[in-house]
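Have a look at the structure below, then the notes.
The values are calculated or read from the model by the stated rules, or taken from the named source; none is laboratory data. Please read these numbers as outputs of a predicted model, since none were measured by experiment. Virtual Cβ from ideal backbone geometry, glycine too; neighbours counted across all protein chains shown.
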Amino acid sequence: MANKVLLIRREETFLVNTIKAQLNKNGFEFIEAGMLLKDITRHKDEVTLMVLYADDTIGESRDTLVYIKDLLLEEEKELIVAGGRNELEEVEKIIPRELIEGVYERPFDMQRIMDHIGDFLDDELLQQRKKMILIVDDDPTYLKLIKEWLKEDYRVGMASSGMQAITWLANNTADLVLLDYEMPTIKGSKVLEMMKSEANSSTIPVMFLTGKSDKEAIMEVLALKPAGYLLKTIDRKTLLDTLEKFFVEQKYKK
């Protein structure tokens, strides 16, 4: 996937051709896809980074935007969006800005966009050697915060519900899952049960994320025998120290 980008656009416009010319100039291999689901599906497994050019018809592509959002959450894809202010607002009605790698409003600083792509692709090569952590939480702001804290040291996947987590794990592997204990619809305890019933996820360690710190709540969490639990009030340094200690202990156990 190195140095390959999926450029998603509706039509061949002047700005689209400018983006393509700059991708070529900077040595980035790219694949073009229209706004149809089948076009994106055909190429999604070839790339990690998608660049979406949002034109004035983007509001008509709700299903496609929902699909792209699912790719960000379930398949470790990343997205850069470029467009006018109104078009960007239409995109963010479906895809929260917290899930988007970069947003660029017209008039574009094209070199800045290319630098961003280059930095991302270089980082992707380094990321392949890092441990993978899946974060599962129904709050997109919290998901983005924890991802930002972890992304320098770990590869990070995200899921906003229990079912998205199970779907993600069916197609990917993780070294650790940070799982919200108090999610709506399917609680963390049920997700853990579902994970243990599937061969591909049964041995993946799970640390619960919980907002409750009283003794009764903690005992309830520990009764499920997770690899650990973390209070959601945890700070960045404590989180990183805890994860580093966990992976060192895992290494010695092996």
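Evaluate segment 85-94: report whether one residue or more is out of contact with any strand residue (DSSP E or B) (no Cβ under 6 Å at 6 or more places or on another chain), crowded, with 17+ Cβ neighbours inside 10 Å and at pLDDT below 95. So far as segment 85-94 goes, no, none of its residues is out of contact with any strand residue (DSSP E or B) (no Cβ under 6 Å at 6 or more places or on another chain), crowded, with 17+ Cβ neighbours inside 10 Å and at pLDDT below 95. Condition first: touching a Ser or Thr at 6+ places or on another chain (Cβ under 9 Å) and touching a residue at least 40 places away in the same chain (Cβ under 8 Å). Can you find one or more residues in segment 102-112 that meet it? Scanning segment 102-112 turns up at least one residue that is touching a Ser or Thr at 6+ places or on another chain (Cβ under 9 Å) and touching a residue at least 40 places away in the same chain (Cβ under 8 Å).
Only one of the numbered conditions (1) among the acidic types (D, E); (2) loosely packed, with under 14 Cβ neighbours inside 10 Å; (3) closer than 27 Å to T64 by Cβ is not met by D138, and that is (2). If I ask for residues that are closer than 18 Å to S197 by Cβ, among the hydrophobic types (A, V, I, L, M, F, W, C) and crowded, with 22+ Cβ neighbours inside 10 Å, which ones from segment 141-167 would you list? Hits for segment 141-167 are A159, A165. Would you point out the residue of segment 48-64, among those that are more than 22 Å from F108 (Cα to Cα) and touching a residue at least 12 places away in the same chain (Cβ under 8 Å), that is nearest to the chain's Cα centre (by Cα)? If we take residues in segment 48-64 being more than 22 Å from F108 (Cα to Cα) and touching a residue at least 12 places away in the same chain (Cβ under 8 Å), then T48 is nearest to the chain's Cα centre (by Cα).
One line per residue, one yes/no per condition, for (1) under 14 Å from the mean Cα position of the chain (by Cα); (2) among the hydrophobic types (A, V, I, L, M, F, W, C); (3) not assigned by TED's automatic domain parsing to the domain that holds L243:
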{"site": "D138", "(1), (2), (3)": "yes, no, no"}
{"site": "T141", "(1), (2), (3)": "yes, no, no"}
{"site": "E148", "(1), (2), (3)": "yes, no, no"}
{"site": "K151", "(1), (2), (3)": "yes, no, no"}
{"site": "Y154", "(1), (2), (3)": "yes, no, no"}
{"site": "M163", "(1), (2), (3)": "no, yes, no"}
{"site": "I166", "(1), (2), (3)": "no, yes, no"}
{"site": "A170", "(1), (2), (3)": "no, yes, no"}
{"site": "K190", "(1), (2), (3)": "no, no, no"}
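The residue pairs whose first member lies in segment 182-196 and is of a type in the set (G, A, S), whose second member is not in a loop (DSSP other than H, G, I, E, B), and whose beta carbons are closer than 7 Å, counting only pairs six or more residues apart or on different chains, are G188/L179; G188/D180; G188/F208.
Scanning segment 16-31 for residues that are under 24 Å from the mean Cα position of the chain (by Cα) and outside any helix (DSSP H, G or I), we see that the one that is surrounded by the fewest Cβ atoms within 10 Å (Cβ to Cβ) is E29. Search segment 1-59 for residues being small (G, A, S) and over 16 Å from G84 (Cα atoms), and hand back the single one that is modelled with the lowest pLDDT. Step by step, filter segment 1-59, then rank; the result is A2. Those helices (runs of 4 or more DSSP H) of segment 141-254 in which at least 1 residues are farther than 26 Å from I68 by Cβ and in contact with a strand residue (DSSP E or B) (Cβ under 9 Å, 6 or more places away or on another chain), considering only elements entirely within it, cover 188-196, 215-222, 236-253. When segment 71-91 is limited to residues that are assigned to a helix (DSSP H, G or I) and without any contact (Cβ under 8 Å) to a residue 40 or more places away in the chain, the one that is nearest to the chain's Cα centre (by Cα) turns out to be L71.
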